[in-house]
1. So which helices (runs of 4 or more DSSP H) are wholly in the range 1-106 and hold at least 1 residues that are farther than 20 Å from Asn276 by Cα and in contact with a strand residue (DSSP E or B) (Cβ under 6 Å, 6 or more places away or on another chain)?
2. Please find, among Ser68, Ser60, the residue that is open to solvent by 30 Å² or more (accessible area, probe 1.4 Å) and at pLDDT 95 or above.
3. On the given criteria, is Val95 more than 14 Å from ligand 2 (Cβ to nearest atom), open to solvent by less than 10 Å² (accessible area, probe 1.4 Å) and in contact with a Pro (Cβ under 9 Å, 6 or more places away or on another chain)?
4. Output yes when any residue across the range 240-255 is open to solvent by less than 10 Å² (accessible area, probe 1.4 Å), farther than 18 Å from Ala293 by Cα and of a type in the set (Val, Ile, Thr), and no when none is.
5. Run down Leu294, Leu272, Leu202 and say which single residue is out of contact with any Ser or Thr (no Cβ under 7 Å at 6 or more places or on another chain) and within 16 Å of ligand 1 (Cβ to nearest atom).
6. Testing Ile111 on (1) touching a residue at least 24 places away in the same chain (Cβ under 8 Å); (2) within 11 Å of ligand 1 (Cβ to nearest atom); (3) open to solvent by less than 20 Å² (accessible area, probe 1.4 Å); (4) touching a helix residue (DSSP H, G or I) at 6+ places or on another chain (Cβ under 7 Å), one condition comes back false. Which one is that?
7. Val197 is checked against (1) closer than 17 Å to Arg226 by Cβ; (2) open to solvent by less than 10 Å² (accessible area, probe 1.4 Å); (3) out of contact with any Lys or Arg (no Cβ under 8 Å at 6 or more places or on another chain) and fails just one. What number does that condition carry?
8. On the given criteria, is Ala186 more than 16 Å from ligand 1 (Cβ to nearest atom) and open to solvent by less than 50 Å² (accessible area, probe 1.4 Å)?
Amino acid sequence: MSDTVRIIEMGPRDGLQNEKIPVSVEARIAFVEALVAVGLSTVEVGAFVSPKAIPQMASSDQVLRGVSHVTGAEFHVLVPNEKGYDAARAAGAQVVSVFAAASEGFSRANINCSIADSIERFKPVLARAKADGVKVRGYISCVLGCPFDGEIKPKAVADLARTLWDLGCYEISLGDTIGVGTPLKAREMLRAVKAEVAADRLAMHFHDTYGQALANLYAGMEEGVRVIDSAAGGLGGCPYAPGATGNVATEDVVYMLEGMGMKTGVDMEKLLVTTNAMSVVLGKPPVSRVASALNAKKIRNS
Ligand code: HMG
Ligand code: MG
């Protein structure tokens, strides 16, 4: 295995979008600043979606503006349509992410339109982004199962990946939104997608609902994928995906990769401090197994 993995930190967006306790703009900015200082130089910081749909992501423009002084980092934001693109650009976005689903049921629940209609909404976003020199990442949700439609065929994921790639997305992030995948299914799905989009243009965005995310990531790394979306502390989930819990925890991913001799550039000690600070804001301990283990060790040694 090549020894470089790029982590895209999801904490401030996917991580906070499902939290009941509102997190202030100041705390969101401080979270992003701390994550970059930890060594996580690519961070998804917010979403330009309807504040009625996802109130937690309201004021993402203020968050993006608030971190504009941070150098050496790349900030991503979600945009579902041209309205979101306009707002994201006005706030200075240089990288935006469109998000589609491999299942009709989730597409309807999440963004209130069919898969085909979502592609039509993305077309002007991608055309304008190209003209503006803005990079566009493409997500596909429910690649290993849908809370509404059940099993998803790898071909459905592969076809949609091809469509997003042909539209001009520079990378396709494959979301196991409800964390139901298992390693051999993840491998089968990735092999189908790789026939359409090269492995070095793919990312894995696996939620850890059933505790399978690390095993699925390992299977995906064996298929040559080297970009991993994860969230500090294992925060995350989508309010429109019943049963979905957090992203795979950044601590758990870093521990696994470094244990395998791969370099992540992440300072685990500082990451733990950052995760613990957000856990105080949210009033609950982190779900990350590695963060819990390191916190317990600290208490034992103190
Ligand atoms: P819609 O109702 O079809 O849109 O919603 P509409 O164009 O009919 O507009 C309805 C209202 O939304 C209007 O406001 C618009 O102005 C407003 P009103 O007149 O009612 O006051 N609106 C917007 N406001 C702000 N920003 C916008 C925007 N667009 C319309 N960009 C829409 C369609 C997509 C907007 C809506 O369904 C929505 O915002 N959904 C949120 C979806 C979302 O953020 N989900 C979570 C993120 S995806 C995820 O977590 C999965 C991922 O992590 C990968 C994985 O795990 O699988 C990425
Ligand atoms: Mg997600």
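The values are calculated or read from the model by the stated rules, or taken from the named source; none is laboratory data. In this text, all values refer to a predicted model and were calculated from it rather than measured experimentally. FYI the Cβ positions are ideal-geometry reconstructions off the backbone, even for glycines, and counts take in every protein chain you see. Protein only, heavy atoms only, side chains kept; ligands, DNA and RNA dropped before computing areas. Shrake-Rupley method; radii C 1.70, N 1.55, O 1.52, S 1.80 Å.
1. Where helices (runs of 4 or more DSSP H) fall fully within the range 1-106 and carry at least 1 residues being farther than 20 Å from Asn276 by Cα and in contact with a strand residue (DSSP E or B) (Cβ under 6 Å, 6 or more places away or on another chain), they are 60-66, 82-90.
2. After ruling out the rest, the residue left standing is Ser68.
3. Answer is no for this residue.
4. Checking the range 240-255: not a single residue is open to solvent by less than 10 Å² (accessible area, probe 1.4 Å), farther than 18 Å from Ala293 by Cα and of a type in the set (Val, Ile, Thr).
5. Step by step, each of Leu294, Leu272, Leu202 is checked, and only Leu202 is out of contact with any Ser or Thr (no Cβ under 7 Å at 6 or more places or on another chain) and within 16 Å of ligand 1 (Cβ to nearest atom).
6. (3)
7. It is condition (3) that Val197 fails.
8. When the stated conditions are applied, Ala186 does not pass them.
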